[in-house]
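The values are calculated or read from the model by the stated rules, or taken from the named source; none is laboratory data. Note that the structure is predicted; figures quoted are calculated from it, not measured. Cβ: placed from backbone, ideal geometry, glycine included. Neighbour counts: every protein chain shown.
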Amino acid sequence: MFYYIALGPRSRSQLHPMPTTPAEQWLPVLIQATIAAIIAAALVTLTFVIGRKVANKVKDTPYECGINPLGDARGRFSVKFYLVAMLFILFDIEAIFLYPWAVVYKQLKMFAFVEMLLFVGFVMSGFFYIWKKGVLDWAVTERDHTPHTVLGEMTRKGFLEEVAKR
């Protein structure tokens, strides 16, 4: 701080001008990425070189939070897991669209408010639709369904019965 006073009336920006070329702007990023890569490579190499290499039956078993693994890892999951995962991603991406709107809200004024009301209305109508169809009901089992599944598609038995009628 004291050297600013010693240099006289020059401003701080004159001492450290802003970078103007792309090389000057990206040099700190390149340096940081290089240092991170060197540190990562050094840590992996050191653990490989210094670490003990003792192989036995206990160390070769898979570790799952302290519980002994049972059965096959390739077990089947209910489709509901995947449906809920896709719905989470869908609603998460729709929520991301709120951020740019919040940034430019003051510039667009009432137009932005009406557009966002429409957007949220469509999102909520989709949410209520999947809620009504029972996609989010985890307690419902396959036995509790009619010949149609949660999303309205026929099960194999219902499909065969429908084909037999024709």
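The rows are residues; the columns are (1) outside any loop (DSSP other than H, G, I, E, B); (2) surrounded by fewer than 10 Cβ atoms within 10 Å (Cβ to Cβ); (3) of a type in the set (Gly, Ala, Ser); (4) touching a Lys or Arg at 6+ places or on another chain (Cβ under 6 Å).
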{"position": "47", "(1), (2), (3), (4)": "yes, yes, no, no"}
{"position": "52", "(1), (2), (3), (4)": "no, yes, no, no"}
{"position": "59", "(1), (2), (3), (4)": "yes, yes, no, no"}
{"position": "75", "(1), (2), (3), (4)": "no, yes, yes, no"}
{"position": "91", "(1), (2), (3), (4)": "yes, no, no, no"}
{"position": "101", "(1), (2), (3), (4)": "yes, no, no, no"}
Need the failing condition index for residue 4 against (1) loosely packed, with under 10 Cβ neighbours inside 10 Å; (2) more than 30 Å from residue 127 (Cβ to Cβ); (3) at pLDDT below 85, just the number. (1)
When only residues in region 7-45 that are loosely packed, with under 10 Cβ neighbours inside 10 Å and assigned to a helix (DSSP H, G or I) count, which is modelled with the highest pLDDT? 29
Give me the residue from region 104-135 that is outside any helix (DSSP H, G or I) and surrounded by 14 or more Cβ atoms within 10 Å (Cβ to Cβ) and, out of that set, nearest to the chain's Cα centre (by Cα). 135
